[in-house]
Every structure is written in structure tokens, then in C-alpha cells.
Amino acid sequence: MSVNRLLRVGTVAVASLGVLALSACGSDPEPSGSSSPSDSTSSSAGGECPEGTLNAEGSSAQKNAIEEVIAKYNEKCADVTVNYNPTGSGAGIKQFNASQVDFAGSDSALKTEAKDGGEAEAAAAAKRCQNNPAVNLPMVIGPVAIAYNLDGVDKLILDGPTAAKIFQGTVKTWNAPEIAKLNPGVTLPSAPIAVFFRSDESGTTENFTKYLEAAGGGAWKGEPAKKWSGTGAGKEKSAGVAEGVKSTKNSITYVEWSYAVDNKLGVAQVDSGAGPVALTAESAGKALAAAKPAGTGSDLALKLDYATKAAGAYPIILVTYEIACTKGLPAEKTALVKSFLSYFASTEGQASLTELNYAPLPEEIRTKVDAAIQAIS
């Protein structure tokens, strides 16, 4: 079965997530008509394309997705320039809170609690928005692959504890008993395992370390965070770790699925207790069904269950949020943000992601995201 066909199947599998958005948002208003901008001047909330430049920064996991959406959006709104710098989630949030960009992309929602005596991300974002809340808008669903380069091994199975030991550095060779037990009949080399990790602050790192903590059976010793605390060699951004594995034999990393596919890397199956599960849009959708709402009102943050044991569920998933001010931007910037994000959340904008190994938003969530965008003022 082709990846694209799996993705089409996956759009059905993730539809069950819609009940979460309904319970999280109560009786939010219906979208104001931006869900299907079918003509050249209907992409914005007001019906006409604005003019100007929109700057954004953050998640490199959504780089391929947002670049595709920008290209499609510019077919409709040619007088808007949208610049997106994929520097990583941590950098994107910092630049947003410093008023250097108009919205940010992040693979984790804004933190509401401060760490190390600093200011909480959500509080800093509210200040940036002229004392108005910023919202987390789920926009791109991108599973995280455990990607590898291992000659002669077309199928690799890992479980949470073994993955945690590899990335912690306590399992050091490919033929270690823990790996061999999960892969009977597979000839594993005695070579050392070369681990690559994100050297920049990354929401992908945070999501992956949440998985290692939840499913690792105590083997992962660090706290889930955007900054890596395990073993390995650091590379910047998703493209960096993918290229590192592609060019290095006997290596492994964690990276958003589309980068693993683009670089023709092996992708490990994950056994959470109900048997090995290959990464597909359908299996990622089953894990998404275990997510719980974490935000209130227009804030659509989700709490993912990385330790789910649901049959057929691939547990390592991330949701990239676009982080935007509910109020507080200049009027011309507000019009640009609403226009572009409205298109991004539209059925047309989301449909363009399926060919790039992302899963589109379930319709029930998509309409809630659109309604939250229309409420920006």
C-alpha cells in the first residue's frame, strides 16, 4: 500500500479526535466562511486579500508543510509575502515573545509554568500581545519517526525501554541483547550505535523525550524538554539530523516523518505492548485518538498520551501549533495573520499536506481552529 493511500486512510482514522475539540471549546461560534477559499480573493476573513509582509519563525518539523501552504496561498493572494524561518520551536517562541515575528510555529504548546526562575512562555506571550492571551492553534499533524541507517536491516523493531536505552547511551551496539530480542532472525552488526540529536531547542525533542519518559520504563533519566539531555552528536534542525543519519552508517535519530521519507531512511516499528506497529497515517491517527484537551476557549492545546497501548497505535506523534495573539497586533498585521492562517486551516490548505507525509486536521478540529482564527481582532 502506498504512503499516499495510507494517508488517505489516515484522515478517517484521525477523525475521532474531533470530540476532543468539541469538549475543549464548548459552544464556540461556527467559522465565518474562510474554510474553503475557492476564488482568488476569498482567503481572508474579510473576503479580500490584504497586502504586505508576514514574518514567522519556529518549528522545522512543519517546514515542508508551511512552505507548501505558502505557495498555494500565494496563488490566491499574490500581494502577500509570507516569510517562514525554520529555526526550531524554542527559537520561534523566543522571537515571537520578543516581537520579532508575527506568529510562531511550535511543536509544543506555550508553557504556562516558569522554569529556572524565568517567566512562563504563556505569560511572556501575553505581554507581547499587549496584555492579551496568545493561543495555540493545532495546524500540522506530523508523526515522529525513529529513523535509522543500517545495512541489510529493512525492518527494525524497538520498544519504549530499548529506545530509551539507545538514546540515553546505555545500549551502545546494534547487536545488544535488548535489540536482538525484539528482532529475532535479523542479522544485527556489532557496530557501535551512532546517535544524532537536535542541537537546537526543539519541540520535536520535547515530544520525543516525553515519549521516552512515558514509555521507557525508567530507562530515560532526563526531564522532557526542548533541549536534548541524552547521548549522541548534535545537528541543527530536522534537516540536520536527517542528513546526519543519511550520511552515516549504523546511525539512528528521531525526526519528523516527512524528513525520514524524503531522505529514504529506515523507520523503526514501535511495540508498545500490543505488537509491533509501523508508522502510517492510520496508526498515528489511532494514537491521536488518545489525546485529551489541555486548553480552554480558543486555546486548542492538546495533551498527548505517549504511553498508549491501543492496538495498532503508533505512539510517537507531535502536533505543530501556530502561536498567535488574540489581540494586540497592529491592524495591518492582524489582517495578514488572519488571512494566511485562515487559508492554512482551510480544507484546501490542509488537503495540500497529504502528499508531503503529513496528516490533515480532522474536520471537527479544523472548524474549531478556523473559528479561533476568526476571533482574532
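The values are calculated or read from the model by the stated rules, or taken from the named source; none is laboratory data. All figures in this text were calculated on a predicted structure; none of them were measured in a lab. Ideal geometry is used to build each Cβ from the backbone, glycine not excepted, and the neighbour counts take in all protein chains shown. Side chains included, ligands, DNA and RNA excluded: accessible areas come from the protein's heavy atoms. Shrake-Rupley method; radii C 1.70, N 1.55, O 1.52, S 1.80 Å.
Points worth noting:
- Qualifying positions in the range 110-143 - within 20 Å of the chain's Cα centre (by Cα), open to solvent by 10 Å² or more (accessible area, probe 1.4 Å) and either basic (Lys, Arg) or over 20 Å from THR296 (Cβ atoms) (or both): LYS111
- Residues of the range 252-284 that are open to solvent by less than 10 Å² (accessible area, probe 1.4 Å) and within 18 Å of the chain's Cα centre (by Cα): THR253, TYR254, VAL255, GLU256, SER258, ALA260, ALA281, SER283, ALA284.
- Look at (1) open to solvent by less than 10 Å² (accessible area, probe 1.4 Å); (2) at pLDDT below 90 and you find that PRO293 fails only one, number (1).
- Residue within the range 315-329 that is closer than 18 Å to LEU110 by Cα, surrounded by fewer than 22 Cβ atoms within 10 Å (Cβ to Cβ) and in contact with a strand residue (DSSP E or B) (Cβ under 7 Å, 6 or more places away or on another chain) present: yes
- Any hit, the range 331-344, residues being small (Gly, Ala, Ser) and either within 22 Å of ALA91 (Cβ to Cβ) or in a loop (DSSP other than H, G, I, E, B) (or both): no
- Selection status of LYS94, open to solvent by 30 Å² or more (accessible area, probe 1.4 Å), assigned to a helix (DSSP H, G or I) and touching a strand residue (DSSP E or B) at 6+ places or on another chain (Cβ under 9 Å): yes
- Yes/no for THR320 being β-branched (Val, Ile, Thr) and within 30 Å of GLN374 (Cβ to Cβ): yes
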